[in-house]
Amino acid sequence: MATIISHNIISPLGLTSVDNYNAILAGESAIATYPGLHKDMRPYSASLIASEVYDELIIDGYSKYESLVIQSIKRSLDGIDLDVSSIDICLILSTTKGNIEELDLTESQNVSPAVTAQRIADYFGITTTPITVCNACISGVSAMLLAQRLIDTDSYKKAIVCGCDVQSEFIISGFQSLNAVSQTSCRPFDIERIGLSLGEGAATVILSQNKGDLWAIAKGAVRNDAYHNTTPSPVGEGSSLALGSLGELKSDDIAFINAHGTATMFNDQMESKAIERANLGHIPVNALKGNLGHTMGAAGIIETIISMVALDNGVILGSKGFEMKGVSGKINVLPQPQPTDKKAFVKMISGFGGCNGALLVTKGQTETNDAAAHTGLQPIHTIKITPNECILDGNKIETEGQGKALLKELYAKFIGSYPKFHKMDLLCQLGFAAIQILHSAANGNIPENSSVILFNRSSSITTDIEYLKTISDEENYFPSPALFVYTLPNIVLSEVAIKNQIKGETAFYLLPQKDEATMRQIINSTLTDNSINSLVTGWIDCYGEDDFVAEISLLQN
Amino acid sequence: MENLINTLKEQIIDVLNLEEITAEEIDAAAPIFGDNGLGLDSIDALELIVLLEKNYGIRFSDPSEAKQVFVSIATMAEYISKNRTK
């Protein structure tokens, strides 16, 4: 079992985990209202790190984003004896948009979080391939779950997991175009909630094999709604499945459920239904977004650390901004802190791409995981698509078109009657076409509990540039909600999940290069989730209409 | 009004990438959303708000107002003709 041997949080409320916890316990919030970044944009609420604090944190030659990550990892390494250059240590970065603030319309190759992760690894002298989890807002939970699995399957002995996002015009305008941002401080689960407050920060946990009586990720699961790219399932489908995967949870043991609680109408309502459906309505629920806003790729890690520190202090934290319940699921949201002597909690999280995560986090429990990855899965069909050709199981499919036209031709030939295909960005069309061809090769046999795990280097760069164009002209400033959604590479997973009703784990990982050994480690570690007996996985990279590749396999028993 | 309706149909097809339907096939009086509509979702609705702002200079003070406007192409055209600033 992997335990957490060190942690750190850098946020507007403080530069250590304990400072952040104390501020939240005292009811502090870093959220303020800022004027719109363009004359036509509304004000927005956000929890932002002050520029004078940034002045202290910025490291020469590194961006704001990279500096926050480095500073958080540095602080978590303080006081523990760790040879980071060891081949037994991996770096896992969790983010939604990483260095996106640095993107300009002329130079596009270097903002991929995969490249950023390599720069961070090089800074510390980490020698193994850094893994970036790009699973939208659940990335932090996905990253900790991946670390725990990689350690349990003996791929590494230790993992440094850092979640970080910084706010920029790109993200702020995007969430505003989705009508998701509140102008005032967010109010999780409250009757008057009207949207989220954005947030920024970094948080690190260092996990290690067998370190005894410490906090540990005891169990975890990720499940997809198979419902919509951005709207969560109204019945909490994926979220309740993820909670259900944690096994029997007794209120005698579990102090609380720390919800995602973004304070959007849809998220909080969905979570309340998911908790009720999983028969966990008797366990108190809290949410921390009212203190720190939605810190995106950092949220899962920040909120897990705060919850651990709270229980170490015998406290269940309240939910700032919550007064009167405004969700229909039967749950018990705590407005104020209360004492407890329990040493376990559940972390819930959900995000775009239909993904939902749940972790059971415990301290001092000796239960070990059954970490044996089942090995019976074999590739039964494999497809490769490039701008020039499509090859299924070694046989070239007869096609005429090139690039986007080729994808359209494959759509007409193998899919058809799914107009949503034309709304997808290039990365999604590529992944969708490839996986639907695998689906037809397997006679439709990709069952509901299948898992979809994809990798690339480019993240969503082509759509990042298209979205940036919509906010680059002062006189013609119309941030496109549809484009913004596709700036998350994991949207390809919900497109595939919705079409085929796949509700198993979905995950998107970025690597600095196509590294088969690391991909295999990640896939094997995913198979410790014993409910998976069918897996769609592979490499899907896209730099433009004449430069893309998908190499994806369907693995089954 | 007929011209505006046709222009609007073309703009919607273009902005929402409705490749498998032509302007002639869209009934201006039929509901846009819902099972028998154009297969649009909540993100499409947000893109329609951008379309109105960009092409006709119409800004909704509260985006939920758009609901009453986005009933059919005809109701949209009527609202545009009364409220357009460009």
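The values are calculated or read from the model by the stated rules, or taken from the named source; none is laboratory data. These numbers come from a predicted model, not from an experiment. Please note: Cβ atoms are built from the backbone with ideal geometry, for glycine as well, and neighbour counts cover all protein chains shown. Quick note on the areas: whole protein, heavy atoms, side chains included, nothing else; ligands and nucleic acids left out. Shrake-Rupley method; radii C 1.70, N 1.55, O 1.52, S 1.80 Å.
Can you tell me how segment A:338-458 classifies by the Cα gyration tensor, rounded, prolate or oblate, using a/c under 1.5 as the rounded cut? It comes out prolate by the Cα gyration axes.
Each residue was assigned an accessible area with a 1.4 Å probe, and for A:GLU475 the value is about 150 Å².
Separation of segment A:254-298 and segment B:20-86, taken as the distance between their Cα centroids, equals 34 angstrom. Between chain A and chain B, the total buried accessible area stands at approximately 1600 Å², from heavy atoms with a 1.4 Å probe. Placing unit charges on the Cβ atoms of the charged side chains and taking the dipole of segment A:2-363 about its Cα centre, the candidate lying farthest along the positive direction among A:VAL361, A:ILE92, A:VAL115 is A:VAL361. Taken along its three principal axes, the alpha carbon spread of segment A:378-556 comes to 54, 36, 29 Å, from the longest extent down to the shortest. Label-to-label distance, A:ILE191 versus A:GLU248, with points set 7 angstrom from Cα along the beta-carbon direction: 3.8 nm. Label sites at A:TYR418 and B:ASN17, each approximated as a point 7 angstrom past Cα along Cα to Cβ, lie 1.3 nm apart. Equivalent-ellipsoid semi-axes for segment A:111-174 (Cα gyration tensor, √(5λ), whole Å, largest first): 24, 16, 8. Taking each DSSP H run with n ≥ 4 as -39500 (n - 2.57) and averaging over every residue of chain A yields -8500 deg cm²/dmol at 222 nm. Note on chain A: with neighbouring protein chains present and a 1.4 Å probe, carbon and sulfur make up 48 percent of its accessible heavy-atom surface.
Modelled label positions at B:LYS67 and B:THR85, each set 7 Å beyond Cα in the direction of Cβ, lie 2.5 nm from each other.
In whole angstrom, how long is each semi-axis of the equivalent ellipsoid of the protein assembly as shown, when you take the square root of 5 times every eigenvalue of its Cα gyration tensor and sort them from largest down?
37, 30, 24
Taking a ≥ b ≥ c as the square roots of the eigenvalues of the Cα gyration tensor, segment A:478-525 is classed as oblate, since a/c reaches at least 1.5 and a/b does not exceed b/c. With q set to 0.16 Å⁻¹, the log10 of I(q)/I(0) for chain B, from the Debye formula over equal scatterers at the Cα positions, is -0.55.
Averaging Cα coordinates gives a centre for segment A:142-160 and one for segment A:14-42; these two points are 31 Å apart.
Compared with the dominant principal axis of the Cα atoms in chain A, helix A:516-526 is inclined by about 60°. Taking one quarter of the surface of the C-alpha convex hull of segment A:130-222 gives a mean projected area of 8.1 nm². Accessible surface of A:ILE391, taken over heavy atoms with a 1.4 Å probe and every protein chain present, rounds to 40 Å². In plain terms, the chain from A:THR184 to A:ASN476 could stretch by 102.4 nm, reckoned as 0.36 nm per residue minus the Cα-Cα distance.
Looking at the square roots a ≥ b ≥ c of the eigenvalues of the Cα gyration tensor of segment A:498-557, which shape do they give, rounded for a/c under 1.5, prolate if a/b is larger than b/c, or oblate? Oblate, because a/c is 1.5 or more while a/b does not exceed b/c. Reducing segment A:520-535 and segment A:53-94 to their Cα centroids gives an inter-centroid distance of 29 Å. The angle separating the long axis of helix A:139-152 from the principal Cα axis of greatest extent in chain A is about 90 degrees. Residues A:ARG457, A:ARG223, A:ARG119, sorted by accessible area with the largest first, give A:ARG119, A:ARG457, A:ARG223 [1.4 Å probe; ligands and nucleic acids excluded]. Taking the C-alpha atoms only, the angle from helix A:426-441 to the longest principal axis of chain A is near 70 degrees.
With heavy atoms of protein chains only and a 1.4 Å probe, what residues of segment A:413-434 have at least 50 Å² less accessible area in the full set of chains than alone? Output list: A:HIS422, A:LYS423. Label zone of A:ALA442 (point 7 Å out along Cα→Cβ, amide N under 19 Å): in segment A:377-392 this covers A:377-385, A:391-392. Computed with a 1.4 Å probe on the full set of protein chains, the accessible area for A:GLU323 sits at about 150 Å². Positive-end ranking of A:ALA507, A:VAL549, A:VAL485 along the dipole of segment A:378-556, with charges on Cβ about the Cα centre, is headed by A:ALA507.
In terms of accessible area, using a 1.4 Å probe and ignoring ligands and nucleic acids, A:ASP529, B:ASP14 rank largest first as B:ASP14, A:ASP529.
Ignoring ligands, DNA and RNA, what accessible area per residue does segment A:2-363 give at 1.4 Å, in Å²? Don't jump to the answer; show the numbers that get you there.
Values: 11400 Å² over 362 residues.
Solvent-accessible surface per residue comes out at 31 Å².
Taking the Cα centre of chain A as origin, work out the dipole magnitude from +1 charges on Lys and Arg Cβ and -1 charges on Asp and Glu Cβ, in debye rounded to 20.
1360
Sorted largest first by accessible area at a 1.4 angstrom probe radius, with every protein chain in place, the residues A:ARG75, B:ARG84 fall in the order B:ARG84, A:ARG75.
Work out which residues of segment B:18-35 lose at minimum 40 square angstrom of accessible surface when the other protein chains are put back, relative to the chain isolated, with a 1.4 angstrom probe, and list them by number. By number: B:GLU19, B:GLU20.
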